[in-house]
1. What number of residues within segment 69-93 are under 28 Å from the mean Cα position of the chain (by Cα) and assigned to a loop (DSSP other than H, G, I, E, B)?
2. Just wondering, is there one or more residues in segment 254-263 that are in contact (Cβ under 8 Å) with a residue 40 or more places away in the chain, touching a Phe, Trp or Tyr at 6+ places or on another chain (Cβ under 8 Å), of a type in the set (Lys, Arg) and part of a helix (DSSP H, G or I)?
3. How about segment 327-344: which of its residues are under 18 Å from LEU304 (Cβ atoms) and in contact with a helix residue (DSSP H, G or I) (Cβ under 9 Å, 6 or more places away or on another chain)?
4. Evaluate the following for MET233: is it closer than 24 Å to TYR96 by Cα and out of contact with any strand residue (DSSP E or B) (no Cβ under 7 Å at 6 or more places or on another chain)?
5. Residue under question is ASP354, and the condition is that it be in contact with an Asp or Glu (Cβ under 9 Å, 6 or more places away or on another chain), of a type in the set (Asp, Glu) and either assigned to a loop (DSSP other than H, G, I, E, B) or touching a residue at least 40 places away in the same chain (Cβ under 8 Å) (or both); does it hold?
6. Output the residue which, of all residues in segment 95-107 that are within 24 Å of the chain's Cα centre (by Cα) and in contact (Cβ under 8 Å) with a residue 24 or more places away in the chain, is nearest to GLN149 (Cα to Cα).
7. Looking at VAL338, VAL319, VAL324, can you tell me which residue is within 19 Å of ARG299 (Cβ to Cβ), in contact with a Leu (Cβ under 6 Å, 6 or more places away or on another chain) and buried (at least 21 other Cβ atoms within 10 Å of the Cβ)?
8. Return the total of residues in segment 277-296 being open to solvent by less than 20 Å² (accessible area, probe 1.4 Å) and more than 18 Å from THR239 (Cα to Cα).
Amino acid sequence: MPIPATRIAGLANGINGSRQVKPNKLKKLFTKAFRATAVKSIFKSKAKRKPPAEIVRRVRFLLEAVHSLDDNVDPSHFDKMEELDSLLHEVKAMLYGSNECEPAVDACAQLTQEFFRENTFRLIIICLPKLNLEARKDVTRIVANLQRQPVNSRLIASDYLEANSDLMDHLVCGYDDPGLALHYGTMLRECIRHQVVARYVLNSEHMKKFFDHMQIPEFDVAADATATFKELMTRHKSTVAEFLSENYDWFFVEFNAKLLESANYITRRQAIKLLGDILLDRSNSAVMTRYVSSKDNLRILMNLLREASKNIQLDAFHVFKLFVANRNKPTDIVNIIVANRSKLLRFFASFRIDKEDEQFEADKAQVVKEIAELEAKGPLFSGELHKFPGTPTASGELYKLPTTPLSRQVT
């Protein structure tokens, strides 16, 4: 039931004391206030929005000014820094949209074209150290989004980065600065979505630096470098297979010594999981065959089976089974396994996981069968290489990992 106008006036009189407000006047006040706030502000903001290309050109102009500042000048004193921060935030909002609206496809395409038309993309990366934290976060998200923005059904970011590959040098070197590492690392992972960029990084001298970046004291930076390294080694399978074939020797020397045999538990755990992902990928079958033919690699894996961590033991098992499954085992491999047969069989007899896994049990049974039936090739060397504990010493919850049936043996 509608409230009479006289009643509204009475309420107003109660609030305002002796002041009398007529119904018509009250209605006008409400109407004026409403128009002066929400509706007016909405249309005003829409009218003031600049075209995407114009916004990017203004960002470029301000970035050029920031870039020209001497290193000994505090960028926060730059009088246009607040405007730049605001524009970067606006660009991010246009690319990602908001809770109220989705990003406009045409606007995103115009932004992307303008960013890659001149040197705005380069400037936004080079100037990152001179921006404040919030602006750095916006820039990181802008760079990431631009990698996925199609223009006329084409990812023009790929073409731009192929012609400006030195920017990848800048991003990788960002790991040397803990204050910038996470921003540059996120950008780098988005850029290596493009196969041409991943190939450049894989074949650069930066690959050797990753083994050091993954072991730096700052945990979050080391973890970020590890995430980027994993992305490089797993995303583009044909490129990775080509890289490993051409760089097998130095790569696995570094991988084994600095990662698998690291004193850091987290490093070892991540490394053995990644090794399994690499070797079990069909694209890397030739690399896998070569890896499981090395007695030094077998020694490392047998030591990892003795780890106190069930997580590491389980991942090591998934790689160890490849040595056993190899139908063309070198003499050294056969004799090492035979020399340690009794220890290995006792180990696997008590090797359990906390969750039922039929595939794991089938794999383990096949490994035990292969070891039991293996015959030595020639005289065995004296002494056993390893002393395995009678039962796994690990404790804690196991996570279930995808396994590969031993029926897919190496031939």
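The values are calculated or read from the model by the stated rules, or taken from the named source; none is laboratory data. The structure presented is a predicted model; accordingly, all values stated were derived computationally and were not measured. Glycine gets a Cβ as well: all are built from the backbone with ideal geometry, and neighbour counts include every protein chain shown. Remember, those area values only see protein heavy atoms, side chains included, never the ligands or the DNA or RNA. Shrake-Rupley method; radii C 1.70, N 1.55, O 1.52, S 1.80 Å.
1. So the count comes out to 0.
2. For segment 254-263, residues in contact (Cβ under 8 Å) with a residue 40 or more places away in the chain, touching a Phe, Trp or Tyr at 6+ places or on another chain (Cβ under 8 Å), of a type in the set (Lys, Arg) and part of a helix (DSSP H, G or I): present.
3. From segment 327-344, those under 18 Å from LEU304 (Cβ atoms) are 333, 336-337, 340, 343-344; that's our starting set.
Once the filter is applied, which keeps residues that are under 18 Å from LEU304 (Cβ atoms) and in contact with a helix residue (DSSP H, G or I) (Cβ under 9 Å, 6 or more places away or on another chain), segment 327-344 yields ILE333, ILE336, ILE337, ASN340, LEU344.
4. no
5. For ASP354, the condition - in contact with an Asp or Glu (Cβ under 9 Å, 6 or more places away or on another chain), of a type in the set (Asp, Glu) and either assigned to a loop (DSSP other than H, G, I, E, B) or touching a residue at least 40 places away in the same chain (Cβ under 8 Å) (or both) - is met.
6. LEU95
7. That would be VAL319, the only listed residue that is within 19 Å of ARG299 (Cβ to Cβ), in contact with a Leu (Cβ under 6 Å, 6 or more places away or on another chain) and buried (at least 21 other Cβ atoms within 10 Å of the Cβ).
8. So the count comes out to 2.
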